[in-house]
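Chemist: The structure is given below, and queries will be raised subsequently.
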Amino acid sequence: MRYSNLIGSLPHPVLFASDGENSYADNEFVFRMLVDRDKRPHQLQIEYDMDHLGIQALIDADNASVALAIHCQNTYYYKVIEIPKGSLTQSLTFPDCDVMGHVYFNLLVMATRDIPNFKPAGLREGFDGLSFNIRKGDVLAISNELDEYYALPPMRIDESIFLLELQPELDPESFIVDLQGDKIKVGVGSGLNDLVQRNMETKGGRVANIGTVYFPALIEALYQIREEVQESSAWFEALNAAANRVGVESLENSGEWNPLTLAQQLLKNSHAKLLKEGR
């Protein structure tokens, strides 16, 4: 859940960051974060500014608490971590292995118990004096959003980025490519599947598989990428990193590369490696 997209959908006023358009007051709720990527899990240093006296009073009285919301759209990772009361500088650990691509961070102020007749200061003219029944768990304030990018570790471009799947309904010697997953799924007919499985038993056979199955499948995948940019996934990150190494700045810039030529460049090292191993 990206809290920056939350627009007036709650039954009570919510204080947003000072640069937010939807905040009911001019007070600040801004946070800063430093990420130590040299540690595993990553360590986060959190600081925030809150100058809305009414909400800060709820925090001081343990009627509300501050929490860090973490969301990754690519992996559906979502977690809210309560920040212990005390110093404004907190150190938290974050399992970076669970995310990939853009990760969004917000600080939240959440009610820790029911708060009847809450009267937030700073309501717009004409609404002063209104009170709201806040329930335990309700969000009272949302900070600015911070964005960190997490790349996958390098992956070798070989048969490991493909997922071969028998699809008996296909013609025996045909295949189709599906990019909706963590690997490039290659659906193959029964005859082609039998050939690939036999080839896997020998080095020479694996070389043949690269040329007869994975090379054309990769060409088809690259043509699909040219037609429609893919959401970040394990195979796309691997291909994009490998493309960088052969001089392509990004697969999203389809005018920079040709599918046939790029497929040859990406599989060249794996093909040569298998040939050497087979000697």
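The values are calculated or read from the model by the stated rules, or taken from the named source; none is laboratory data. Fair warning: this is a prediction, and the values are worked out from it, not measured in the lab. Cβ sites come from the backbone with ideal geometry, for glycine too, and all protein chains shown count toward neighbours.
Chemist: Of (1) surrounded by fewer than 18 Cβ atoms within 10 Å (Cβ to Cβ); (2) of a type outside the set (S, T, N, Q); (3) modelled with pLDDT of 85 or more, L6 satisfies all except one. Which?
Modeler: (3)
Chemist: Of all residues in region 148-158 being loosely packed, with under 13 Cβ neighbours inside 10 Å and assigned to a loop (DSSP other than H, G, I, E, B), which is modelled with the lowest pLDDT? Steps first, please.
Modeler: In the first step, residues of region 148-158 are kept if they are loosely packed, with under 13 Cβ neighbours inside 10 Å; the result is 149, 151, 153-154, 156.
In the following step, the residues that additionally are assigned to a loop (DSSP other than H, G, I, E, B) were identified as 151, 153-154, 156.
Values: A151: 70, P153: 57, P154: 53, R156: 60.
Within region 148-158, the match that is modelled with the lowest pLDDT is P154.
Chemist: A further question on this structure: Filter region 51-84 down to the residues that are in contact with a helix residue (DSSP H, G or I) (Cβ under 7 Å, 6 or more places away or on another chain) and modelled with pLDDT under 85 and list them by number. Don't jump to the end; show me each part of the working.
Modeler: Residues of region 51-84 that are in contact with a helix residue (DSSP H, G or I) (Cβ under 7 Å, 6 or more places away or on another chain), as a first pass: 64-66, 69, 75, 77.
If the condition is that a residue be in contact with a helix residue (DSSP H, G or I) (Cβ under 7 Å, 6 or more places away or on another chain) and modelled with pLDDT under 85, then T75 is the only one that fits.
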